[in-house]
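Worksheet: the structure to be examined is printed underneath.
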Amino acid sequence: MTTLGPIELPDWAWERAEVRQALRARDMGSVFRCVQQYAGASQGRIAAAVGMAQGRVNEIVNGRREVSRLDVYERIADGLRMPDDARHLLGLAASREKRFGGPAFDLAAFPEVVRVYAAQSSAAEEIQQQAREAHELDVLAVRGLGLIGLNDSLLRACLPRDQGGKGLRVRVLLLDPDSDALAQRAAEIGESAESLAGGVRLAEARLRELLADSCDIQVYRYRMLPTWRLIRTDSTMFVSAFDAGWEGHESATYKVMETPHGPLFRGFRRMFEAIVDGAERTV
């Protein structure tokens, strides 16, 4: 008799909002339905993978039974080859063996980092998709023209354009054009301080135009030397770095997702809030 092994879901399936919400809620019925949808697995196949009777899986899928025992959650996680990030959402410890072939195989100790892109351009489509579905959008940039300031920027087209929109809240942090930090940053990238400051002011002016739209737009000026470039869409962040000689969009971009026990997402969000608290609101 052939023994069926664990079920392998595509990496992107574990990153979908409905899957992550089901894991947070420990809603195994929804998790099993997602496995059926994204892996094409039958209830019998799921039962074999997680060590249950098919009838029990059917009851869970149809909401007639709930899972409450830790050992059963562990068995389900093992049978579905859950990555460590998904296991943490479910309240479980990291798996005993490394996941094979995933995009974050070198980052097993940091399950919040679910993907690494060579540059922002590689992540652009996913960032835009996340922004269109978000209720909150936070941006930490230098001048922000390429991110949100211009009509053809990365995020501008993702914002609701009429009063019938969903009420997106947008906060944008830009480097103070009158600060010493801006002059230092301009020197680092070989640009005049006047040019860089003009770009910040242009971005502010273009963002001010969004006040009449349905999104709640807030723009702030900060005065510290920029190190991190952040785009947060609800519980997902895209993080890159500034350094002498390169712009933030040229840096590797890390996709960081909120987990119950992970420090990275919380730390970056705490940093963002601290900068807002010390910044001057201009829009």
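Annotations
- Restricting the range 53-73 to residues that are under 27 Å from SER235 (Cβ atoms) and open to solvent by 40 Å² or more (accessible area, probe 1.4 Å) leaves a set whose member that is modelled with the lowest pLDDT is LEU70.
- Inside the range 150-193, residues that are among the aliphatic types (A, V, I, L, M), open to solvent by 60 Å² or more (accessible area, probe 1.4 Å) and at pLDDT 90 or above make up a count of 1.
- Any hit, the range 248-264, residues being more than 30 Å from ALA94 (Cβ to Cβ) and either within 15 Å of the chain's Cα centre (by Cα) or open to solvent by 20 Å² or more (accessible area, probe 1.4 Å) (or both): yes
- Scanning the range 34-50 for residues being more than 28 Å from the chain's Cα centre (by Cα), without any contact (Cβ under 8 Å) to a residue 40 or more places away in the chain and open to solvent by 50 Å² or more (accessible area, probe 1.4 Å) gives a total of 1.
- Yes/no for LEU196 being touching a Phe, Trp or Tyr at 6+ places or on another chain (Cβ under 7 Å), open to solvent by less than 20 Å² (accessible area, probe 1.4 Å) and modelled with pLDDT of 95 or more: no
- From ARG16, ARG20, residue being within 30 Å of THR233 (Cα to Cα), open to solvent by 30 Å² or more (accessible area, probe 1.4 Å) and of a type outside the set (Gly, Ala, Ser): ARG16
- Consider the range 74-84 and keep the residues that are in a helix (DSSP H, G or I) and open to solvent by less than 10 Å² (accessible area, probe 1.4 Å). The one that is nearest to VAL114 (Cα to Cα) is ALA77.
- Residue under evaluation GLN130, criteria (1) part of a loop (DSSP other than H, G, I, E, B); (2) modelled with pLDDT under 95, criterion not met: (1)
The values are calculated or read from the model by the stated rules, or taken from the named source; none is laboratory data. Predicted, not measured: the structure shown is a model, and the values here were computed from it. Virtual Cβ from ideal backbone geometry, glycine too; neighbours counted across all protein chains shown. Only protein heavy atoms, including side chains, enter the accessible area calculation; ligands, DNA and RNA are left aside. Shrake-Rupley method; radii C 1.70, N 1.55, O 1.52, S 1.80 Å.
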